[in-house]
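The values are calculated or read from the model by the stated rules, or taken from the named source; none is laboratory data. The structure presented is a predicted model; accordingly, all values stated were derived computationally and were not measured. Methodologically, a virtual Cβ is constructed for each residue, glycine included, from the backbone with ideal geometry; neighbour enumeration extends over all protein chains shown.
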Amino acid sequence: MEVTTLGTGSPLPDPNRAGAATLVRAGGATLLFDCGRGVLMRAAAVGVVPPLLTQVFLTHLHSDHVNDFNDVLTTRWVMSPVDSPLPVIGPVGTARFVERTIATLEDDIGWRIEHHDDLTWQPSCDLREVTDGVVWESADGVRVLAAPTVHKPVHPTVGYRVEHDGAAVAVAGDTVPCDGLTGLCAGADVYVQTVIRPDLVAQIPAPRLQDILDYHSSCEDAGRTAAAGGVGTLVLTHPVPPPAPGTEDEWVAQAAAHFDGEIILAADLTTISV
Ligand SMILES: [Zn+2]
Ligand SMILES: [Zn+2]
């Protein structure tokens, strides 16, 4: 398997970090987890265009994890020579989100169908809402499990675990440590976790930013979860606030206080082979 952090940013715009999105290539499958800002630009950098996506998974419907979902959906539609619904798996609420997204694209859809004689179908999704258990399997032995995570008041939210050939990769969205997350991480070779630095956030005099402290994993939380699960490599992504250049080691050190394995503060397009 190969894990690529396509986008490692957060809601705060960053010239070097696209929005939350992680690509896992396993067997013959190309699996995309979340669709944050700029996802298709980063996917193009590793040779992936929307028609090549085998399955899209959403962890939750916060804007920074889905704000380029419409780009994935419409670009797959206009690039596909035949009708090819976008396969999407997400938490309960995803169907309503997709319906509303398509509604905002109504004018565009009408113009393109009117203009292109060979484009006779609407964009659509092959969609499933999931909570836990095995949620996706391929003929060549790749399987994906989901489990509920905790990011209240955003609810429900899920994390995922990809398994193939005896290897496992856990991809968590925004969550505090919880039982579902612990299960996804158990024995995983790679664990990707969105993180914040409470020590830095606390110094920023903005009440709205203080609110994020109670529903994210800190670097230390991620380290503790990684240690409890006995994972191989911990990948920190979606760092808030955006790390100042030269401070990357501090993020790793905070997680390392609780976890002995390899720790990577991901940049966009960081790739880990399993
Ligand atoms: Zn987020
Ligand atoms: Zn979130």
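Assorted remarks:
- Scanning segment 126-142 for residues that are more than 21 Å from Y215 (Cα to Cα) and surrounded by fewer than 17 Cβ atoms within 10 Å (Cβ to Cβ) turns up D126, R128, G133, V134, E137, S138, A139, D140, G141.
- Any chance V72 is touching a strand residue (DSSP E or B) at 6+ places or on another chain (Cβ under 6 Å) and either part of a helix (DSSP H, G or I) or surrounded by fewer than 16 Cβ atoms within 10 Å (Cβ to Cβ) (or both): no
- Top-ranked residue of segment 18-27 - restricted to ones that are assigned to a strand (DSSP E or B) and over 17 Å from D174 (Cα atoms), ranked as nearest to ligand 1 (Cβ to nearest atom): V24
- Of all residues in segment 157-197, those that are polar (S, T, N, Q), over 19 Å from E262 (Cα atoms) and either in a loop (DSSP other than H, G, I, E, B) or out of contact with any Leu (no Cβ under 9 Å at 6 or more places or on another chain) (or both) total 1.
- Every residue from segment 38-67 that is of a type in the set (D, E, K, R) and either part of a strand (DSSP E or B) or within 16 Å of ligand 2 (Cβ to nearest atom) (or both): D64
- Some residue of segment 104-116 being closer than 28 Å to L12 by Cβ, of a type outside the set (G, A, S) and at pLDDT 95 or above: yes
- Checking each residue in segment 9-37 for being within 14 Å of ligand 2 (Cβ to nearest atom), small (G, A, S) and in contact (Cβ under 8 Å) with a residue 60 or more places away in the chain picks out G9, S10, A20.
- Evaluating D174 against the criteria (1) touching a Pro at 6+ places or on another chain (Cβ under 9 Å); (2) within 16 Å of ligand 2 (Cβ to nearest atom) leaves one unmet condition, (1).
- Which listed residue is touching a Pro at 6+ places or on another chain (Cβ under 7 Å) and not small (G, A, S), from T5, T30, T75: T75
- Remark: V134 falls outside the filter, which requires a residue to be in a strand (DSSP E or B), among the β-branched types (V, I, T) and within 16 Å of ligand 1 (Cβ to nearest atom).
Per-residue answers, yes or no, for (1) crowded, with 19+ Cβ neighbours inside 10 Å; (2) more than 14 Å from ligand 1 (Cβ to nearest atom); (3) over 17 Å from the mean Cα position of the chain (by Cα); (4) at pLDDT 95 or above:
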| site | (1), (2), (3), (4) |
| --- | --- |
| V169 | yes, yes, no, yes |
| T182 | no, yes, yes, yes |
| V190 | yes, yes, no, yes |
| A202 | no, yes, yes, no |
| L209 | no, no, yes, no |
| Y215 | no, no, no, no |
| G229 | yes, yes, yes, yes |
| L269 | no, yes, no, yes |
| S273 | no, yes, yes, yes |
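- Failed item, numbered, when P239 is tested on (1) out of contact with any helix residue (DSSP H, G or I) (no Cβ under 9 Å at 6 or more places or on another chain); (2) within 16 Å of ligand 2 (Cβ to nearest atom): (1)
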